[in-house]
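Accompanying notes for the structure given below.
The values are calculated or read from the model by the stated rules, or taken from the named source; none is laboratory data. As the structure is a computational prediction, the values presented were derived from the model and not from experiment. Ideal geometry is used to build each Cβ from the backbone, glycine not excepted, and the neighbour counts take in all protein chains shown. SASA here: full protein model, heavy atoms, side chains in, ligands and nucleic acids out. Shrake-Rupley method; radii C 1.70, N 1.55, O 1.52, S 1.80 Å.
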Amino acid sequence: GRVQYVDGQLQDQAGKPLSVEDVVETYAQDILDNTLVRRIGKQYFDVNNVPTSQKLNLSQVSDQEIQFQLKKRQLPSPVPSSWAVVELDEKHVQVTVQDDEAEIRVATHYVSVVQAAGQLPEGFNPSSLYASRFHPRG
């Protein structure tokens, strides 16, 4: 995608004629830096901020019950059998967990241990070379 072959002549994107030596000198390092195995780009996903959820186990403190408040629309369906739900107002409820423990999940993120992958060269668009109806992203 950095050079084109037009009417028997190599050209850059602006249409300036180039020799093979010009292409190697100008683009070789850029092509090596942006091809094959390299750091995964943010256009695919952020390897330093991969969304996940973390499971937490809540336990009673001495003889106190596990209680919390939620918006009604946040209640799971079906409501767990160990939950006693009391309506506080038309939008909120109070939940008392009747077991000694409760399991919840919290949205969080992590840094991926895999941060590089084999990828197509930057700027290479396979669909420009053939009808890629069945392989639109290469």
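Close amide H contacts of GLN119 (hydrogens built in the peptide plane, cut-off under 5 Å, sequence separation of 5 or more or a different chain): LEU36, VAL37, ARG38. When Rg and the Kirkwood Rh are both derived from Cα coordinates, the Rg/Rh ratio for the range 1-88 amounts to 1.49.
With Cα atoms defining each centre, the range 1-45 and the range 59-77 are spaced 59 Å apart in the structure.
Which order do peptides 14-21, 78-85 fall in by mean Cβ count within 10 Å, highest first? It would help to have the intermediate numbers written out before the result.
Details: 14-21: 9.9, 78-85: 12.0.
Peptide ranking by packing, descending: 78-85, 14-21.
Taking the 1.4 Å solvent-accessible surface of the range 1-87 as the whole, the part contributed by carbon and sulfur is 50%. Per residue, the chain exposes 78 Å² of accessible surface when a 1.4 Å probe is rolled over the protein heavy atoms with every protein chain present.
For LYS55, the lysines whose Cα falls under 24 Å of its own Cα, not counting residues fewer than eight places away in the same chain, are LYS71, LYS72. Approximating the spin labels as points 7 Å out from Cα along Cα→Cβ, the SER127-to-GLN43 distance works out to 1.2 nm.
Axis of helix 20-33 versus longest Cα principal axis of the chain: the two differ by about 10°, to the nearest ten degrees.
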